[in-house]
Amino acid sequence: GAVVSQHPSWVICKSGTSVKIECRSLDFQATTMFWYRQFPKQSLMLMATSNEGSKATYEQGVEKDKFLINHASLTLSTLTVTSAHPEDSSFYICSARRVSNQPQHFGDGTRLSIL
Amino acid sequence: AQSVTQLDSHVSVSEGTPVLLRCNYSSSYSPSLFWYVQHPNKGLQLLLKYTSAATLVKGINGFEAEFKKSETSFHLTKPSAHMSDAAEYFCVVSPNSGYSTLTFGKGTMLLVSP
């Protein structure tokens with residue numbers, strides 16, 4: 001149990017376009033979902049935390065107008081990278097958690113490449 | 001405040017030999033500690049977790065870790081490495097049992113040679 005699916009797994013797009021990444025909890029309801037960014041050969045950096053039905057909480061230094069997060073249901077959260085530029089290229093990973101005393105379960109990540 | 005230090009960026013072992021991945025932590029609380037594994041272009045898989053119960057924690061795939069409060073360490077071990085163990089390993093700390101804020105170490109790449 002506790003499977004988290006992320007889609008797409010890989011996306012390449014032109015500079016200036018917007019890209020949406022989906023994160024779904026397939027077999028459980030996730031009250032909280034997290035979005036991380038990972039640069040090559042580096043650790044995960046938390047970007048934002050989203051609770052179902054409320055606005056996401058962004059970490060310091062993360063532009064909320066650039067990285068739009070929606071958590072409209074207990075099984076789906078989306079991250080939209082707006083007007084993407086090459087510096088936004090990275091590996092984005094989501095995780096989902098049932099309740100606060102349960103561990104996070106991670107998706108397989110999305111590799112975003114902006115040309 | 002909390003932090004995690006993984007003492008080795010790379011560890012190389014031969015198949016069949018023991019694995020030791022070192023992790024030291026700092027936390028203002030009684031922390032929860034985790035080890036996650038990441039294979040290339042994949043997300044993170046939980047290997048094991050310590051949440052103030054037994055100090056020796058057994059995880060999946062033959063891995064285990066021992067929580068040593070006096071040394072503020074949570075090293076990951078496995079008696080015999082398999083080729084499939086080659087991956088990036090992350091030590092992670094969270095304040096008490098809240099699982100709310102995960103702080104990741106920088107990772108240790110485990111290389112396994114035949």
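The values are calculated or read from the model by the stated rules, or taken from the named source; none is laboratory data. Note that the coordinates shown come from a computational prediction; the quantities given were computed from them, not determined experimentally. Don't worry about glycine lacking a Cβ; one is built from the backbone with ideal geometry, like all the others, and counts go over all protein chains shown. These accessible areas exclude ligands, DNA and RNA; they are computed on the full protein's heavy atoms, side chains included. Shrake-Rupley method; radii C 1.70, N 1.55, O 1.52, S 1.80 Å.
Out of B:LEU44, B:LEU48, one residue alone is aliphatic (A, V, I, L, M), under 19 Å from B:VAL19 (Cα atoms) and buried (at least 18 other Cβ atoms within 10 Å of the Cβ). It is B:LEU48. Filtering segment B:2-25 to residues that are more than 14 Å from chain A (Cβ to nearest Cβ) and open to solvent by 60 Å² or more (accessible area, probe 1.4 Å) leaves B:LEU7, B:SER12, B:GLU15, B:PRO18, B:LEU20, B:ARG22. Out of B:LYS58, B:LYS68, B:LYS106, report the one residue that is basic (Lys, Arg) and within 14 Å of chain A (Cβ to nearest Cβ). So the residue among B:LYS58, B:LYS68, B:LYS106 that is basic (Lys, Arg) and within 14 Å of chain A (Cβ to nearest Cβ) is B:LYS106. Screening B:ALA65, B:ALA81 for residues that are touching a His at 6+ places or on another chain (Cβ under 9 Å), surrounded by 21 or more Cβ atoms within 10 Å (Cβ to Cβ) and not charged (D, E, K, R) leaves exactly one candidate, B:ALA65.
Identification of strands (runs of 3 or more DSSP E) wholly contained in segment A:1-76 with 2 or more residues that are within 13 Å of chain B (Cβ to nearest Cβ), open to solvent by less than 50 Å² (accessible area, probe 1.4 Å) and among the hydrophobic types (A, V, I, L, M, F, W, C) yields A:19-25, A:32-38, A:44-51. Filter segment A:79-115 down to residues that are without any contact (Cβ under 8 Å) to a residue 40 or more places away in the chain and open to solvent by 50 Å² or more (accessible area, probe 1.4 Å) and give me whichever is farthest from the other protein chains (Cβ to nearest Cβ). Result: A:GLU87.
The residue pairs whose first member lies in segment B:36-47 and is within 7 Å of chain A (Cβ to nearest Cβ), whose second member is assigned to a loop (DSSP other than H, G, I, E, B) and surrounded by 22 or more Cβ atoms within 10 Å (Cβ to Cβ), and whose beta carbons are closer than 6 Å, counting only pairs six or more residues apart or on different chains, are B:GLY43/A:GLY107; B:GLY43/A:GLY109.
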